[in-house]
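In what follows, a single structure is set out as structure tokens and then discussed.
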Amino acid sequence: MEELYDVIILGGGPAGLSAGLYAGRSRMKTLLIEKGASGGQIALSADVENYPGQMLDGETGVTLSARMAEQCQNFGVERAADTIRAVQLTGEVKRLTGGKGEYRARTVIIASGASPRPIGCENEKEFTGRGISYCATCDGAFFRGLDVYVAGGGDSAVEEAIFLTRFARRVAVIHRRDALRAAKSIQERAFANPKIRFLWDSVVVRADGNDVLNALTVKNVKTGELTEIRASQEDGMLGLFGFVGYLPNTGLFQDQLPLESGYIRTDEDMRTAIPGVFAAGDVRVKSLRQVVTAAADGAIAAVQAERYLAERQSLSEQRL
């Protein structure tokens, strides 16, 4: 029979790693399941500057998440690299079925995070990986000396636009509004960067090219005017990075948990509608999705999972 864990944590981003740290320190038998590398979305961030206690010089999403993962390991948290395809969350024992087998636990913490939202332009899928990307850290170096365009206007979009200036000849931020939504400190850095310009009130409606992306059609949302942007013959290619938000990874749970706009509803203690099931981080309904709030969610979820198990144990002893 498969091993029975006190808690299974689904997801290895900041919320999952924080939950693992607290669960491990509480001596709960803990398994963290992650289909990819540790860090979740933060692993795609080139610079981290708003996490308390981070390294002041050169902190990246990769370095921060690596230290979090090491902390979990030091407290005995087990790891499994697998993709979960089905879940059964009701009952005393929760079951998660992945490509490598079934996992069982008395409690589950869902920290599956979110994935980049598509830009929404025509031919987007055809040029993903051939000029269109959603990760500046991963792909920025491929566009060295080229013109690059960034769709979005929030913190991630502007931060990654600044990062892309390390490689690109020029970077243009395409934003559907006439003002950025990014934090003022980030905006100031972008406006002061001579390699960054802005296309206001605009969205990308079409991507074109042969083998690689070499043309964009941009629409002014106020006037309806269409503008075609083409790579020079010498370049033969341009880049488009999408940072227009995220979609929660909740497809597995839509028939078992109440969702709001795709996000899992929880109370302030991360409890979902199913006893023994908790949600933490970007996957749940919340007002602020940042590394620091994800870490806090994970800590709360782990503490509440421990209390849930203690209460169940106490009830069992009273029946005896």
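The values are calculated or read from the model by the stated rules, or taken from the named source; none is laboratory data. Everything quoted here is computed from the prediction, not taken from an experiment. Methodologically, a virtual Cβ is constructed for each residue, glycine included, from the backbone with ideal geometry; neighbour enumeration extends over all protein chains shown. Heads up: the accessible areas ignore ligands, DNA and RNA and are worked out on the full protein's heavy atoms, side chains in. Shrake-Rupley method; radii C 1.70, N 1.55, O 1.52, S 1.80 Å.
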Residue count for the stretch 89-101, restricted to those that are under 13 Å from E34 (Cβ atoms) and surrounded by 14 or more Cβ atoms within 10 Å (Cβ to Cβ): 2
Residue tally, condition of a type in the set (V, I, T), farther than 17 Å from S287 by Cβ and out of contact with any Leu (no Cβ under 7 Å at 6 or more places or on another chain), over the stretch 228-274: 1
Qualifying residues in the stretch 174-185 (those that are open to solvent by less than 10 Å² (accessible area, probe 1.4 Å) and under 21 Å from R289 (Cβ atoms)) - the one farthest from the chain's Cα centre (by Cα): H175
Of all residues making up the stretch 205-232, the number that are open to solvent by less than 50 Å² (accessible area, probe 1.4 Å) and acidic (D, E): 1
Residue check for V283: at pLDDT 95 or above, open to solvent by less than 40 Å² (accessible area, probe 1.4 Å) and within 21 Å of H175 (Cα to Cα): no
Hits in the stretch 102-122 - residues which are open to solvent by 40 Å² or more (accessible area, probe 1.4 Å) and not hydroxyl-bearing (S, T, Y): E102, R106, P116, R117, P118, G120, E122
Enumeration of residues in the stretch 233-251 that are open to solvent by less than 60 Å² (accessible area, probe 1.4 Å) and more than 20 Å from V173 (Cβ to Cβ): G236, P248, N249, T250, G251
Among (1) small (G, A, S); (2) in contact with a His (Cβ under 8 Å, 6 or more places away or on another chain); (3) open to solvent by 30 Å² or more (accessible area, probe 1.4 Å), the one test that S202 misses: (3)
Strands (runs of 3 or more DSSP E) contained in the stretch 191-239 and holding at least 3 residues in contact with an Asp or Glu (Cβ under 6 Å, 6 or more places away or on another chain) and at negative phi: 213-220
Residues being closer than 29 Å to D269 by Cβ and either in contact with a Cys (Cβ under 7 Å, 6 or more places away or on another chain) or basic (K, R) (or both) - total across the stretch 110-137: 1
Filter pass, A302 being on the phi < 0 side of the Ramachandran plot, surrounded by 18 or more Cβ atoms within 10 Å (Cβ to Cβ) and modelled with pLDDT of 95 or more: yes
Entirely in the stretch 68-108, the strands (runs of 3 or more DSSP E) that have 2 or more residues that are within 12 Å of I9 (Cα to Cα): 78-80, 94-98
Flag if D6 is at pLDDT below 95, among the charged types (D, E, K, R) and more than 19 Å from G251 (Cα to Cα): no
Hits in the stretch 125-152 (condition: within 18 Å of D211 (Cα to Cα), open to solvent by 50 Å² or more (accessible area, probe 1.4 Å) and part of a helix (DSSP H, G or I)): K125, E126, F142
